[in-house]
Amino acid sequence: MKKLAKILGDVAVTVGCCVGVGFLSGKEAQFFWGNDASIALFTAVFALTTFLIREYCRTTQFATVGEMSKMFKRGAGIWEWAIAFCSFVCSVTVLAGAEQCLAQLLGALPLPVFAFVAAACAGILSRASIKTLKIVNTLALLLAAALLIALFAEGKASQGNSTVPPWRPAVYALFSVTMTLGVSARLGKDCSQRENAVVSVVSAGLVAMLMFAVLPLCNFDAELPTLDKLGLPMRLFAALALLLSSVTGLAVNVLPVSELLTSVIPDKTLCIVLIFGLALALSMFGFDFALRFGYAAVAAVGAATVFTATKKLTTNNAVSKKTKVYSDTAR
């Protein structure tokens, strides 16, 4: 029972990193995975790459992004800064998305108040334990599922699938894996190979199920495909679900950045304030800008990470087998 709870907690955090404002509002569906074939491709890439990253951390016992940087040897510092940059870009994207979506649902304000609230809540959550993070992510996912069910009940209808090139769902999968690095190292390190496989497959499957649920709710002619023309009660409910999903994603994204920055400024609270302050300022460029350019940059770093981790994992496994054979022969 304890092992099952651990696996479900890992799944909740992994899926919670993927299901944010861009996901629930339909913006990511519109640009990255607007049809069934794209969802299938995303699922395969996400499951495989998540497993490889978690397995690499299990075999090396690396628990943080800083420790994972050792896989690059001379380029360790560059990679660590690249991951911090990616996590920061993700934070900017989430804040921009939260501000755009909540402003449409609740009414625009002169200042980015909604993004500020999301950043403040995420800053508090980022100081919490992994156990607390799992609980809050589980709550966020339940609320997201309830929102999708409510939208179905309201009779939201699709305007047809969105045609996207096949590379986009792969980019989205690598982007999502990179977003989870702040916690996947910690979680994968303490799991068995079988548990890592189960978490990876179940997480990918659950994200895919939510993707399939979002698809028929999307009006791809609208700016925010799932949030078009909602009544007041539904707007309030959607705002709550979107806010909580953005907070959980931000709390994970800030981890690699704060880990790196605290090596320069040894005050974690100050580091988090500085990170979110700058992210808030840059989020003013808008969600569409981050969606089109930020995701691809993050995915490129994620691809390099997965490739290197896979290469190291394969080499380590080969060395372990040779050592075992030599040991058995010597006996």
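A few comments on the model shown:
- Qualifying residue in the range 163-174 (condition: crowded, with 18+ Cβ neighbours inside 10 Å, in a helix (DSSP H, G or I) and in contact with a Gly (Cβ under 7 Å, 6 or more places away or on another chain)): yes
- Qualifying residue in the range 183-190 (condition: in a loop (DSSP other than H, G, I, E, B), within 21 Å of LEU48 (Cα to Cα) and of a type in the set (Asp, Glu)): yes
- Single unsatisfied condition, ALA47 versus (1) surrounded by fewer than 24 Cβ atoms within 10 Å (Cβ to Cβ); (2) small (Gly, Ala, Ser); (3) within 22 Å of GLU259 (Cα to Cα): (3)
- Subset of the range 191-244 that is surrounded by fewer than 15 Cβ atoms within 10 Å (Cβ to Cβ) and charged (D, E, K, R) - its residue that is farthest from SER162 (Cα to Cα): ARG194
- Any hit, the range 233-255, residues being at pLDDT 85 or above, in a loop (DSSP other than H, G, I, E, B) and among the hydrophobic types (A, V, I, L, M, F, W, C): no
Per-residue answers, yes or no, for (1) of a type in the set (Lys, Arg); (2) over 15 Å from VAL171 (Cβ atoms); (3) out of contact with any Cys (no Cβ under 9 Å at 6 or more places or on another chain):
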| residue | (1), (2), (3) |
| --- | --- |
| ALA5 | no, yes, yes |
| CYS18 | no, no, yes |
| VAL21 | no, yes, no |
| ALA29 | no, no, no |
| ALA63 | no, yes, no |
| LYS70 | yes, yes, yes |
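- Meets criteria (touching a residue at least 40 places away in the same chain (Cβ under 8 Å), surrounded by fewer than 22 Cβ atoms within 10 Å (Cβ to Cβ), under 23 Å from MET211 (Cα atoms) and among the charged types (D, E, K, R)) for ASP10: no
- Of all residues in the range 43-75 being aliphatic (A, V, I, L, M), under 20 Å from the mean Cα position of the chain (by Cα) and part of a helix (DSSP H, G or I), the one that is farthest from LYS311 (Cα to Cα): ALA44
- Within the range 259-307, the set of residues being modelled with pLDDT under 90, of a type in the set (Phe, Trp, Tyr) and buried (at least 20 other Cβ atoms within 10 Å of the Cβ) comprises PHE287, TYR295.
- On the stretch given as the range 191-205, residues that are of a type in the set (Val, Ile, Thr) and either assigned to a loop (DSSP other than H, G, I, E, B) or closer than 23 Å to LEU217 by Cα (or both) total 0.
- Matching residues in the range 228-251 - criterion: being farther than 20 Å from GLY16 by Cα and of a type in the set (A, V, I, L, M): LEU230, LEU232, MET234, LEU236
- From the list SER184, SER176, SER158, SER200, the one residue that fits, being in contact with a Phe, Trp or Tyr (Cβ under 9 Å, 6 or more places away or on another chain) and either at positive phi or at pLDDT below 90 (or both), is SER158.
- Within the range 207-232, if we keep just the residues that are of a type outside the set (A, V, I, L, M) and part of a helix (DSSP H, G or I), the residue that is nearest to LEU105 (Cα to Cα) turns out to be PRO216.
- Test for LEU105: is it over 17 Å from the mean Cα position of the chain (by Cα) and of a type outside the set (Asp, Glu): yes
The values are calculated or read from the model by the stated rules, or taken from the named source; none is laboratory data. Owing to the predicted nature of the structure, the values given are computational and were not obtained by experimental measurement. We place every Cβ from the backbone using ideal geometry, glycine too, and count neighbours over all the protein chains shown.
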